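Worksheet: one structure, shown below.
The values are calculated or read from the model by the stated rules, or taken from the named source; none is laboratory data. Remember, predicted model here, so these are calculated numbers, not experimental data. Heads up, the Cβs are rebuilt from the backbone with ideal geometry, glycines too, and the neighbour counts pull from every protein chain shown. Ligands, DNA and RNA are excluded from the accessible area calculation, which covers all protein heavy atoms including side chains. Shrake-Rupley method; radii C 1.70, N 1.55, O 1.52, S 1.80 Å.
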Amino acid sequence: QVQLVESGGGMVQPGGSLRLSCEVTGIVLRFYGMGWYRQAPGKQHELVAGITTGGSTNYADPVKGRFTISRHNGKSRVYLQMNSVKTEDTAVYYCNVEYGAPWGQGTQVTVSS
């Protein structure tokens with residue numbers, strides 16, 4: 001059973017940076033594409049960034065040029081570097097496997113001055 005544990009969230013001022021981390025257990029990470037998602041209050045999960053097994057990445061338009069997804073298969077971790085954050089980035093952030101595993105607990109990111 002795959003387990004996803006997100007960490008690294010917190011409160012940050014607009015323009016600041018955060019690095020989120022996702023620890024993945026129960027699968028061999030190098031065989032799977034991964035994604036970071038976010039869920040704002042009252043909204044559904046939305047894909048923020050994805051990374052393939054080969055390291056190719058894609059980003060939602062609102063975060064292009066600001067967020068960077070990366071992976072370390074040896075550590076079984078996926079990361080999301082968030083730079084130049086905006087108030088609209090406020091949400092609970094989740095990682096997930098490309099086939100859609102049960103959601104973890106997420107990590108709250110709050111952008112506020």
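Looking at TYR99, is it outside any helix (DSSP H, G or I) and within 11 Å of the chain's Cα centre (by Cα)? For TYR99, the condition - outside any helix (DSSP H, G or I) and within 11 Å of the chain's Cα centre (by Cα) - is not met. Among the residues examined, GLY35 does not qualify as open to solvent by 40 Å² or more (accessible area, probe 1.4 Å) and outside any helix (DSSP H, G or I). Of the residues making up the stretch 1-20, those that are in a strand (DSSP E or B) and hydroxyl-bearing (Ser, Thr, Tyr) number 1. Select, from LEU47, LEU29, the only residue that is open to solvent by 60 Å² or more (accessible area, probe 1.4 Å), at pLDDT 95 or above and within 16 Å of the chain's Cα centre (by Cα). One residue alone meets the criteria, LEU47. Inside the stretch 59-82, residues that are without any contact (Cβ under 8 Å) to a residue 60 or more places away in the chain, in contact with a Ser or Thr (Cβ under 7 Å, 6 or more places away or on another chain) and buried (at least 19 other Cβ atoms within 10 Å of the Cβ) make up a count of 1.
Among the residues of the stretch 83-93, none qualifies, meaning not one is open to solvent by less than 80 Å² (accessible area, probe 1.4 Å) and in contact with a helix residue (DSSP H, G or I) (Cβ under 6 Å, 6 or more places away or on another chain).
Just one of the numbered conditions (1) on the phi > 0 side of the Ramachandran plot; (2) at pLDDT below 95 is not true of PRO41: (1).
Among the residues of the stretch 38-72, those identified as in a strand (DSSP E or B) and of a type in the set (D, E, K, R) are ARG38, GLU46, ARG71.
In the stretch 5-26, what residues are of a type in the set (Val, Ile, Thr) and surrounded by fewer than 17 Cβ atoms within 10 Å (Cβ to Cβ)? Give the derivation first.
Residues of the stretch 5-26 of a type in the set (Val, Ile, Thr): 5, 12, 24-25.
Within the stretch 5-26, VAL5, THR25 meet the criteria.
Summed over the stretch 76-109, the residues that are over 14 Å from GLY8 (Cβ atoms) and of a type outside the set (A, V, I, L, M, F, W, C) give a count of 11.
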